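Only one structure is covered here, and it is reproduced in the block below.
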Amino acid sequence: MDIPFLFQTMKTLLAAVPMTLALFSLSVLFGGLLALLVVWMRVGGNPVLSRFARGYIFVFRGSPLLIQMFLVFYGLGQFGFIRHSFVWPALREPFVCAVLSLALCTAGYTAEIFRFGLRAVPPREIEAARAIGMSGFLLVRRIIAPIAFRHALPAYSTEIVMMVKSTALASLVTVWEVTGVAQRLISQTYRTMEVFLCAAIIYLVLNFLILQAMALLEHRLSPHRRAAAPLVPGSLPVSR
Amino acid sequence: MGIVETLGFGQTGWGGLLLMGALMTLCLTLTALLLGAVLGAVVAAAKLSQNRAARTAGGFYTTVFRGVPELLIIYLVYFGGSSALTAIGGYFGVEGFLGLPSFIAGALAVGLICGAYQAEVYRGAFLAIPKGELEAAQAIGMHRLLRFRRIIAPQVLRFAIPGIGNVWQLSLKDSALVSVTGLADLMRTSQVAAGSTRQYFLFFIAGGCLYLILTSMSDRLFALAERRASRSMPAGIGQI
């Protein structure tokens with residue numbers, strides 16, 4: 001084992017971690033907001049919007065992210081009206097294209113996850129809230145959103161780990177994040193195993209940290225499940 | 001040149017090549033799924049076994065191959081496989097660089113990934129078999145192999161169909177990444193067609209539509225298989 005080489009590789013790859021994290025956090029943020037919009041259209045009751053949301057989810061979940069990313073990166077620049085519009089300076093940047101396509105794609109998956117979360121909200125709780133006069137935004141904020149989000153959380157954390165892995169595709173539109181830098185190192189040094197080892201460790205640690213944070217969030221959001229634990233001496237309450 | 005001509009099957013049309021690419025994508029995914037099925041079964045058995053070392057190894061495999069970006073694994077198999085092949089070739093006196101054929105590299109890489117996912121599917125399916133049936137089979141003196149053939153395999157396969165459907169969809173989309181090794185699959189063909197005609201938008205839309213056809217058709221096929229496999233099961237839980 002060539003320790004100095006591993007050390008040097010790790011240092012080079014770690015320098016690319018901020019780029020991976022930026023891609024990840026921006027796309028999760030915008031993808032989440034977009035997913036809320038899509039799920040609102042899907043379950044809102046308007047048949048036209050609902051059909052549109054269905055189509056959106058079908059298209060973005062059914063085709064590979066890479067083709068979506070290439071469509072945004074290469075395809076949009078083909079049109080004159082986009083090249084001459086005010087969004088072009090942003091769309092010309094590979095980073096913006098990568099975040100845009102990652103967010104569009106994850107919104108499709110996340111919308112479905114949120115929809116299943118919404119299904120878990122018991123109708124009687126909504127009825128009760130309505131009975132005491134809650135409506136509209138207050139009903140969503142106090143009753144529907146907390147229950148739905150809590151139920152969606154396990155599936156959502158899986159999706160978030162998928163997103164960490166998906167950021168690797170940004171290297172194919174010339175954004176230098178961890179996988180892109182690793183690929184460059186491999187083709188420069190031909191030492192595949194060592195570079196892979198370093199990059200894999202980075203991704204596994206990132207995923208582990210994110211999953212821990214999500215588990216902590218789940219723990220925080222479900223105090224009612226812990227409160228019910230029996231207080232028998234010697235038996236620790238089991239979370240999860 | 002009109003759209004019909006560009007996408008058609010004539011001398012200057014790309015239609016035939018795109019369909020060939022789609023066929024290549026299907027072949028690659030099918031090979032990878034079969035490879036993953038074997039790997040997944042072995043790893044699931046390891047994770048369910050009494051042996052601690054086997055459990056650890058199984059857990060390590062599924063963690064690594066589900067947590068590291070697919071692109072990185074493709075690089076590992078393609079570049080790593082090629083340098084291993086070159087080394088073996090050098091041992092037998094073959095001079096120069098030997099590349100791993102991109103179909104084999106791609107099938108191997110996607111197979112390794114989908115094997116990790118399938119392992120979890122099979123493990124879950126095995127755990128869904130009622131304990132009593134296994135004990136009953138043991139009680140009337142069935143041997144391990146007979147028990148596996150008569151009791152375990154039919155039920156695991158039945159319970160695993162929805163999960164395998166998900167893994168298939170995932171692998172179909174992951175197979176698009178194999179295009180980085182130069183394999184002429186649907187993704188790569190769309191890219192080449194887009195590049196040489198400068199009609200990026202058109203060809204990425206066309207490629208995306210073909211992927212959508214593949215995913216939605218296989219979705220229907222798996223739904224059919226699920227209904228057929230569970231025709232002897234009492235309707236109820238999980239069936240809407």
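The values are calculated or read from the model by the stated rules, or taken from the named source; none is laboratory data. If you're wondering where the values come from, they're calculated on a predicted model, not measured in any experiment. We place every Cβ from the backbone using ideal geometry, glycine too, and count neighbours over all the protein chains shown. The area values use the complete protein model at the heavy-atom level, side chains included, leaving out ligands, DNA and RNA. Shrake-Rupley method; radii C 1.70, N 1.55, O 1.52, S 1.80 Å.
Would you mind working out the magnitude of the charge dipole of the protein assembly as shown relative to its Cα centre, with +1 at each Lys and Arg C-beta and -1 at each Asp and Glu C-beta, to the nearest 20 Debye?
Numbers: 39 positive and 19 negative charges, 310 e Å.
Computed charge dipole of the protein assembly as shown: roughly 1500 debye.
Tabulate in residue order the Karplus-calculated ³J(HN,Hα) for the stretch B:210-216, using 6.51 cos²θ - 1.76 cosθ + 1.60 with θ = phi - 60°, rounded to whole Hz; enter x for Gly and Pro.
Each residue of the stretch B:210-216 in turn: 5, 4, 4, 5, 4, 5, 6 Hz.
About its Cα centre, what dipole magnitude does chain B give when the only charges are +1 on Lys and Arg Cβ and -1 on Asp and Glu Cβ, stated in debye to the nearest 20?
Numbers: 18 positive and 10 negative charges, 199 e Å.
So the magnitude is around 960 debye.
How far apart, in nm, are two points set 7 Å out from the Cα along the Cα-to-Cβ line at A:T158 and at B:F201?
Spacing of the two 7 Å Cα→Cβ label points: 3.7 nm.
Can you tell me the relative contact order of the stretch A:125-183? Whole percent, Cα pairs under 8 Å, sequence separation 6 or more.
On the way: 21 pairs, mean separation 10.3, N = 59.
Normalised by residue count, the contact order of the stretch A:125-183 is 18 percent.
If each residue of separation counts as 0.36 nm, what is the full-extension length gain between A:L6 and A:M193 once their alpha-carbon separation is subtracted?
Here the answer is 66.3 nm.
The stretch A:68-102: which residues show an accessible-area loss of 20 Å² or more, assembly versus chain alone, 1.4 Å probe?
So the qualifying set is A:F70, A:L71, A:Y74, A:Q78, A:F79.
Tally up the carbon and sulfur contribution to the accessible surface of the protein assembly as shown as a whole percent, 1.4 Å probe, everything protein left in place. Before the final figure, lay out each step's value.
On the way: 17520 of 25740 Å².
Reported share for carbon and sulfur atoms: 68 percent.
How high is the relative contact order of chain B, in percent, with contacts defined as C-alpha pairs under 8 Å that are six or more residues apart?
Values: 266 pairs, mean separation 60.4, N = 240.
Here the relative contact order equals 25 percent.
In a Gaussian network model over chain A where Cα atoms closer than 10 Å are linked, find which of A:A120, A:A90, A:A199 has the largest mean-square fluctuation.
Result: A:A90 has the largest fluctuation of those listed.
Name the residue from A:A128, A:L216, A:T189 whose Cα lies farthest towards the positive end of the charge dipole of chain A, charges +1 on Cβ of Lys and Arg and -1 on Cβ of Asp and Glu.
With unit charges placed on the Cβ atoms, the residue in question is A:A128.
Efficiency by 1/(1 + (r/R0)^6): what FRET value for A:V140 and A:V48, r their Cβ-Cβ distance, R0 = 30 Å, to the nearest 0.05? Walk me through the numbers on the way to the answer.
Working: r = 22 Å, r/R0 = 0.73.
Efficiency, from the Cβ-Cβ distance: 0.85.
Using r as the Cβ-Cβ distance of B:Q138 and A:A120, and R0 as 25 Å, what FRET efficiency do you calculate, to the nearest 0.05? Mind dumping the intermediate values first?
On the way: r = 39 Å, r/R0 = 1.55.
E(calc), rounded to 0.05, equals 0.05.
Accessible area per residue of the protein assembly as shown at 1.4 Å probe, in Å²? All intermediate terms of the calculation are to be shown ahead of the outcome.
Working: 25740 Å² over 480 residues.
Value returned for the protein assembly as shown: 54 Å² of accessible area per residue.
Can you work out the FRET efficiency for the pair A:T174 and B:F60, with r the C-beta to C-beta distance and R0 = 30 Å, to the nearest 0.05? Intermediate values should be presented prior to the final figure.
On the way: r = 33 Å, r/R0 = 1.11.
Given R0 = 30 Å and the Cβ-Cβ separation, E is 0.35.
Of the candidates A:E177, A:E125, A:E218, which one comes out as most mobile in a Gaussian network treatment of chain A with C-alpha springs shorter than 10 Å?
A:E125
I want to check the label-to-label distance for B:R147 and B:R52. Put each point 7 Å from Cα in the C-beta direction and report it in nm to one decimal.
Inter-label distance under the simple model: 2.4 nm.
Taking only Cα atoms and a 10 Å spring cutoff, compute GNM fluctuations for chain A and point out the largest among A:F81, A:F60, A:F149.
Top of the fluctuation ranking is A:F81.
Shape verdict for the stretch B:19-227, please, from the Cα gyration tensor: rounded (a/c under 1.5), prolate (a/b greater than b/c) or oblate. Numbers along the way, then the final one.
Details: a/c = 2.84, a/b = 1.49, b/c = 1.90.
It is oblate, given that a/c is not under 1.5 and a/b is not larger than b/c.
For A:L29 and A:R226 in one chain, what is 0.36 nm times their gap in residues minus the Cα-Cα distance, to one decimal in nm? Mind showing how you got there, number by number?
Values: separation 197, 0.36 × 197 = 70.92 nm, distance 2.96 nm.
Length difference between fully extended and current span is 68.0 nm.
Am I reading the B/A interface right? What is its buried accessible area, both sides, 1.4 Å probe, to the nearest 100 Å²?
Numbers: alone 14190 and 14690 Å², together 25740 Å².
Approximately 3100 Å² gets buried when B meets A.
Label the protein assembly as shown by shape, choosing from rounded, prolate and oblate, from the square roots a ≥ b ≥ c of the eigenvalues of the Cα gyration tensor; if a/c is under 1.5 it is rounded, and otherwise prolate applies when a/b is larger than b/c, oblate when it is not. Walk me through the numbers before you get to the answer.
On the way: a/c = 1.43, a/b = 1.13, b/c = 1.26.
Rounded, since a/c falls under 1.5.
Could you sort the residues of the stretch B:167-209 by number and keep only those whose accessible area is reduced by 40 Å² or more in the all-protein-chain setting relative to the chain alone, 1.4 Å probe?
B:K173, B:L177, B:M187, B:Y200, B:F201, B:F204
Taking 0.36 nm per residue of sequence separation and subtracting the Cα-Cα distance, how much length would be gained by fully extending the chain between B:F9 and B:L98, in nm to one decimal? Mind dumping the intermediate values first?
Working: separation 89, 0.36 × 89 = 32.04 nm, distance 3.56 nm.
Gain in length upon complete extension: 28.5 nm.
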